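Please read the structure below before turning to the comments.
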Amino acid sequence: MSAPSTERTEAQSVASDAVLTALAVGSRPEAPGGWSASLTFWWRAMLKIKHVPEQLFDVTMFPIMFLLMFTYLFGGALAGSTSAYLQQVLPGILVMTVAMITMYTGLTLNRDIQKGVHDRFRSLPIWRPSTLVGPLLADGVRYTLASTVILVLGLVLGFRPDAGVGGVAAGVGLLLVFCFSLSWIWTTLGIVMRSEEALMGLSMMVLFPLTFVSNVFVPPETLPNWLEAFVTVNPITLLVTAMRGLMHGHAVGGEIAIVLMISAALVAVFGPLTMLVYRRAA
Amino acid sequence: MNGSAHPAVYVDGLVKHFGSTRAVDGLQIEVAPGALYGVLGPNGAGKTTALRMLATLLRPDAGTARVLGHDVVTEPKLIRRRVSMTGQFASVDEDLSGRENLVLLGRLWGHRWRDAATRADGLLEAFGLTDAAGRQVKTYSGGMRRRIDIAASILVTPDLIFLDEPTTGLDPRSRNQVWEIVRALVSGGTTVLLTTQYLDEADQLADRIAVIDHGRVIAEGSSSQLKASVGVGVLHVRLHDPEQRLRAEELLARTLDASIQVDGDPAALSARVTDTARVAYALSELTDAGVEVANFSLGQPSLDEVFLTLTGRPAADQRAEDGDGLDPSGATSQEVTA
């Protein structure tokens, strides 16, 4: 009978008084704005990278692998020399790699929700989309990192953008806008899909054809008519054309406008859809 | 804390189904401001679903639920500003350190970075987690996990806090610490609604208890009212000689004026006790009659026994862990070997 009573005093020293004091000083600040809350969630994603740096593997190794593989595999056959091919293929591989990486947005969210911490977030008095906007902004950091890896390696291999730093920056900027918008598809699916494997499978089924059946590797004119028709309207093709134009300094205003419109449409459709399924997620 | 006339929680005819299962089925609860209210029930009774609806995480299918006077469906934002929920599972980010979690939530409550950090350090200190502040939460023990969970819920002092099974799976010492924290919350003026599978816990902490089963309240009242209906405890007796069980059964039935249960163990008997004073008398009667008692214990009725009394059948969906020795009723039973 003596054991419980000693336990109790010990516990008390840990808790009661200190907890009471802590409760008493708990002031009630104004609820944060949407942007501030989003930045806080961005910070959370950055902390997760700090604690689990392995998750950057895909944004560093994928780009290196893709660029080396495709440049040396196709360069000689398709453009006569690897350095000539690189000028055309690098913007394409940039788009392909970063578009592929967007799929991790959905996977991360899916895992995050399954762990249960979103219950806490959803019970807070904050602008609800900030829970998802924050991670998407953090993905922007990952996309930028992947782009940097490709560009640096590209420069080493002989990529020479005619439009200089400004053109490259504009191209990467456009890519980030498009990928941020594309990611909303994966947030919707990340919430709806029950298992990570199913989500991964579905993402692959969308992304592989979308990125390969485009003008990334070959000029569309060489394709059979029906395939050429798809390639021409593929948003990835438009984005690649716009990026090549921006980086090498030819006019691509039309393509840029269409890419921005597609991006806006993606957010307009999948943003609210994501929030709808997020609210209903049990 | 809130001097208003309305109850902290008012639930009437609340219903939620998942497919064809009615997880919550006409629930009715009323919690007074400042009270410590316990919802007692086995797994699958609908406790968590009910709490999630009250915390505005889940939309009810039917019925009324008002929290601090606000409707959960039409005014969720007003509720979220004044209520905290500590879920049964991860309610903090396991990949982040304890301190990072608290700073993160402090920011989300609207604190500046500096204030959020100060608040985090204060809470870590109060909950005895300063040493573990920089470690990832996934490395914490069960008791530390619970403490950081609760600390995360009181970054901004809530008027009402929901605790979903705050001590399930904890060792007795950690459980006592959580109990102390819960008592401190109530004495600080916060209304607490907690769910539990342990009658002992509800009895130790709660002013009022609702026993729920299949999403419905099957008994409600103060701890003493509840115990009056199920008995103060259960006497378990084990004899040296199984041959004497029949004789012991007669004697106990007479002296305790209760029906005696015999189970698989041929030397064991148990009886629900309404008056502890009679236990000593009954035991001495056994000795006088030459029935040798190997050991006996007087324990509080388990959830199973409460259910048996209230519903006439054992609690449904009991998980295996209920019998793995963590049941706090074991800690309060006095076991004596004769």
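Around residue B:277, with a cut-off of 14 angstrom between Cβ atoms, what is the net charge of the other residues, counting Lys and Arg +1 and Asp and Glu -1? Around residue B:277, the charge tally is -2. Decide, for the stretch A:133-210, between rounded, prolate and oblate: order the square roots of the alpha carbon gyration tensor eigenvalues as a ≥ b ≥ c, take rounded if a/c falls under 1.5, and otherwise choose prolate if a/b is larger than b/c, else oblate. The shape class here is prolate. Loop-located chymotrypsin sites (Phe, Trp or Tyr not before Pro) in the stretch B:62-157 (DSSP state other than H, G, I, E, B) with a sparse environment of at most 16 neighbouring Cβ atoms within 10 Å: B:89. Here the simple spin-label model places points 7 Å from the Cα toward Cβ, and for residue A:77 and residue A:30 these points are separated by 6.3 nm.
Taking every alpha-carbon pair in the protein assembly as shown and binning the separations at 10 Å intervals from zero gives 3, 14, 20, 19, 15, 12, 8, 5, 3, 1, 0 percent. Taking every lysine pair in the protein assembly as shown that is 8 or more places apart or spans two chains, those with Cα atoms closer than 23 Å amount to 11.
Subtracting the Cα-Cα distance of residue A:233 and residue A:277 from 0.36 nm times their residue separation leaves 12.9 nm of extension gain. Among the helices of chain A, those built from whole DSSP H runs whose Cα atoms reach 27 Å or more along their own axis and whose mean Kyte-Doolittle hydropathy is at least 0.5 are A:57-79, A:130-157, A:164-192, A:253-280. Within the stretch B:38-131, the trypsin sites (Lys or Arg not before Pro) that combine a DSSP coil assignment with at most 13 other C-beta atoms in a 10 angstrom radius are B:112. For the stretch A:35-280, the fraction of alpha-carbon pairs lying more than 33 Å apart is 20 percent, rounded to a whole number.
Within 10 Å of the Cβ of each residue in B:115-126, the mean number of Cβ atoms contributed by other protein chains is 3.
Modelled spin labels at residue B:240 and residue A:49, positioned 7 Å past Cα toward Cβ, are 7.5 nm from each other.
For residue B:81, the shell of other residues with beta-carbons less than 11 Å away shows a net charge of +1, using +1 for Lys and Arg and -1 for Asp and Glu. Each of A:46, B:144 was scored by other Cβ atoms within 10 Å of its Cβ. Listed from fewest to most, they are A:46, B:144. Think of it as helices only: each DSSP H run of n ≥ 4 in the protein assembly as shown is worth -39500 (n - 2.57), and spread over all residues that comes to -18000 deg cm²/dmol at 222 nm. Ranking of B:129, A:68 by neighbouring Cβ atoms within 10 Å, starting from the fewest: A:68, B:129. A crude spin-label estimate for the pair residue B:138 and residue A:223, with each label 7 Å from Cα along the Cβ direction, gives 4.1 nm.
Here, each number is a calculation from the coordinates, and none is a lab measurement. Computed from a prediction, not measured in an experiment: that's the story for all the values here. Neighbour counts are summed over all protein chains in view; Cβ atoms, including those assigned to glycine, are modelled from backbone coordinates with ideal geometry.
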